[in-house]
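Notes to accompany the following structure.
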Amino acid sequence: MRYVRVGVNGYGTIGKRVAWAVMKQPDMKLVGVIKTRPNWEALSAISRGISIYAPKERIKVFEDAGIKVSGSVEDLLSSIDVVVDATPAGTGVKYLKSYVRAGVKTVFQGGEPASIAPSFNPLYNYEKVLGRDRVRVVSCNTTGILRVLHGLMRVAELEVVRGVIIRRGADLKEVGKGPIEGLILKPVRPPSHHSEDVKRVIGDWLNILTYSVIAPTTLAHLHVMYVRFKERVRREDIIDSLKNTPRVIVAEGVEYPSSTAELRELARDLGRGGDIYEVVVWGDSVWVNNYEAGLAYMVHQESIVIPDNIDAIRALTKLAVRADESIRITDTSLGIKGWVK
Ligand code: NAD
């Protein structure tokens with residue numbers, strides 16, 4: 001089978017999960033990851049047998065800490081086909097020239113400026129970015145909204161979408177970040193950037209507006225969404241369509257937890273290390289009244305964009321020419337939706 005060689009720049013929350021996911025793909029080979037500091041995350045990479053590459057001037061610092069380095073940034077870039085840039089928001093853009101010079105295709109993350117590359121979501125524009133040099137996988141919240149809207153748009157045409165995004169204040173390891181108390185309405189004046197990013201993928205025609213609230217939690221985001229359709233809709237059609245949307249789960253049937261904490265615990269019980277790649281819609285939250293509908297769902301910020309990064313690699317390298325083909329391979333390898341009853 002043909003495979004592509006992948007490198008990951010930045011082995012943090014997103015980068016390490018992308019690296020682990022690449023290792024599970026039948027058509028990809030992880031050549032290594034770029035680290036700038038010989039910290040505990042470097043140790044985690046080594047323990048998984050992942051090769052570390054570092055900026056030339058930093059290699060000695062790694063060696064002094066007893067961490068083996070396989071080569072420089074340039075060495076890695078010259079031995080891969082695709083780099084997934086998962087450096088801190090706004091840092092990837094500084095690497096752009098190096099990626100172009102090395103002739104590697106690049107998957108950027110949502111923290112980079114939208115102008116860097118076409119904003120990507122495999123449910124909407126996989127075929128449009130086939131063979132391109134770079135894409136930008138949109139943020140975790142934007143990805144969650146896009147998946148849910150994909151399900152809703154198959155029921156009837158949308159007239160209006162309004163949402164409130166309750167965002168986790170920090171990831172678990174971001175010990176210096178807050179708030180540790182209080183809810184922050186940010187920005188105070190809508191729209192938050194999420195609805196703007198959704199339009200970058202779906203199109204400006206969509207009448208969508210989101211508010212965003214930052215909450216003192218590390219576990220997950222929770223969205224409350226309200227939509228108005230152009231025709232009457234039925235609750236069962238919405239549930240059915242969401243159930244049939246890739247990477248969306250409707251939690252119903254068994255008594256599912258109502259909190260983000262218990263859902264993360266469930267993901268740990270299921271042997272996923274607490275990661276939830278799927279948007280989890282609370283079935284009982286789906287409310288319908290003629291043209292209107294409302295629903296609430298959870299987005300696990302650390303892992304939701306991982307399958308989309310894998311699809312992005314396939315699209316850029318034409319490993320799969322159709323979105324459904326790539327989604328099937330990715331989802332099988334990661335066990336996506338495998339836990340739904
Ligand atoms: P992170 O801080 O957890 O990881 C970034 C990694 O890059 C760290 O290991 C850091 O040491 C390393 N790094 C720092 N400077 C570097 C440099 N100059 N060169 C190479 N590596 C460097 O960040 P993250 O949360 O994984 O975010 C990465 C990107 O993913 C951002 O664009 C972010 O907006 C986006 N994103 C984050 C989340 C999330 O919830 N964490 C969700 C979706 C998208």
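Per DSSP H run of at least 4 residues, take -39500 (n - 2.57); add these up for the chain, divide by its residues and hand me the 222 nm value, nearest 500 deg cm²/dmol.
After summing the helix terms and dividing by residue count, I get -9500 deg cm²/dmol.
In the neighborhood of residue 162, defined by Cβ-to-Cβ distances under 13 Å, what is the net charge if each Lys or Arg adds +1 and each Asp or Glu adds -1?
Numbers: positive: 228; negative: 159, 292.
Residues close to residue 162 contribute a combined charge of -1.
For 287, 20, which order do you get if you count the other beta carbons within 10 Å of each Cβ and list the fewest first?
Taking fewest neighbouring Cβ atoms as first place, the list is 287, 20.
So which lysines can residue 24 reach, going by Cα to Cα under 28 Å and dropping same-chain residues fewer than 8 places off?
Qualifying lysines at Cα under 28 Å: 16, 35, 68, 105, 128, 173, 243, 318, 337, 341.
Applying the Karplus parametrisation 6.51 cos²θ - 1.76 cosθ + 1.60 with θ = phi - 60° to the phi angles of the range 56-63, what ³J(HN,Hα) value in whole Hz is obtained for each residue in order, glycine and proline being reported as x?
Listing the rounded values in order: 3, 6, 9, 4, 5, 4, 5, 4 Hz.
Which order do 298, 28, 1 fall in if you start with the one that has the fewest other Cβ atoms within 10 Å?
So the ranking, lowest neighbour count to highest, is 1, 28, 298.
What FRET efficiency do you get for residue 228 and residue 284 if R0 is 22 Å and r is their Cβ-Cβ distance, rounded to the nearest 0.05?
My answer for the efficiency is 0.55.
Per-residue counts of other Cβ atoms within 10 Å, averaged by peptide: what ranking do you get for 138-147, 88-97, 8-17, highest first?
Per-residue Cβ counts within 10 Å, averaged per peptide and sorted highest first, yield 138-147, 8-17, 88-97.
May I ask you to sort 193, 300, 223 by Cβ crowding, counting other Cβ atoms within 10 Å and putting the fewest first?
193, 223, 300
Which net charge results when you count Lys and Arg as +1 and Asp and Glu as -1 among the other residues whose beta-carbon is under 9 Å from that of residue 314?
Every neighbour counted, the sum reads -2.
Any read-out appearing in this document is the output of simple, stated calculations on the displayed coordinates, not a laboratory observation. Note that the coordinates shown come from a computational prediction; the quantities given were computed from them, not determined experimentally. Cβ atoms come from the backbone with ideal geometry, glycine included; neighbour counts cover every protein chain shown.
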